[in-house]
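Okay, structure first, notes after.
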Amino acid sequence: MIGILAVQGDFREHELMFQKMGVPTRRVRRAGDLAGVSGLVIPGGESTTIGKLAREYGVEEEARRRYQEGTLALWGTCAGAIWLAREIEGYPDQPRLGVLDMSVARNAYGRQVESFETDLEIEGFDRPFHAIFIRAPVITRVGEGLRVLASYRGDPVFLAGERAMVTTFHPELTDDPRVHASFVKLAEKGVSLKAG
């Protein structure tokens, strides 16, 4: 089962995409909601609010524990990518999970009016993916354990690790399920590796 952090942001759009794929989901609002979940999606939204509420409701601590012990895969989209990053430039005290060795700059592409769409070449995909960027962060440093799967104008926009994915764009706002399918595979792999 895939959990979707549902404290703020566009969690419903992720939910709908997984439903179309026939993948069971659960809205995660408190630490106990993570029981039985193999992957957690952190949606786009307002990264400070997501961080504060995830901490207040105990999700941050439980997600960190499960990720570190190898029983939970993570995928952050846009604001979710910020929450997963070890370093948020200019915001050292912002609440975050901070489990991925990367640095991000918030809203680096500009305001809402600077949102844009583009076709991305993604490693492992047989055709381009139409990506939607909305007040997207920029990944300014990629550290150990992460691989760049797609870039836009030289900036990484899709990263993958052993049990984590990061997209600075919004696959849930398209009709293309390929990025979601990639996360389902990652979540299944992580759990089976741990169990085996």
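The values are calculated or read from the model by the stated rules, or taken from the named source; none is laboratory data. Bear in mind the structure is a predicted one, so any value in this text is a computation, not a measurement. Cβ: placed from backbone, ideal geometry, glycine included. Neighbour counts: every protein chain shown.
What to note about this one:
- If you go through the range 113-124 and keep only what is assigned to a strand (DSSP E or B) and either under 17 Å from residue 183 (Cα atoms) or hydrophobic (A, V, I, L, M, F, W, C) (or both), you end up with 116, 120.
- If the condition is being of a type in the set (Phe, Trp, Tyr), surrounded by fewer than 24 Cβ atoms within 10 Å (Cβ to Cβ) and not in a helix (DSSP H, G or I), then the range 59-92 contributes only 91.
- All positions within the range 125-148 that are more than 16 Å from the chain's Cα centre (by Cα) and in a loop (DSSP other than H, G, I, E, B): 125, 126, 127, 128, 143, 144
- Any hit, the range 161-173, residues being out of contact with any helix residue (DSSP H, G or I) (no Cβ under 8 Å at 6 or more places or on another chain) and more than 24 Å from residue 23 (Cβ to Cβ): no
- Whenever a residue of the range 82-94 is touching a residue at least 60 places away in the same chain (Cβ under 8 Å), its partners that are of a type in the set (Phe, Trp, Tyr), lying with C-beta atoms within less than 9 angstrom and at least six residues away or across chains, give the pairs 84/75.
- Here is the figure for the range 125-163: residues that are surrounded by 18 or more Cβ atoms within 10 Å (Cβ to Cβ), of a type in the set (D, E, K, R) and under 21 Å from residue 40 (Cα atoms) total 1.
- Residue match in the range 164-175 (condition: modelled with pLDDT of 95 or more, under 29 Å from residue 1 (Cβ atoms) and exposed (fewer than 15 other Cβ atoms within 10 Å of the Cβ)): yes
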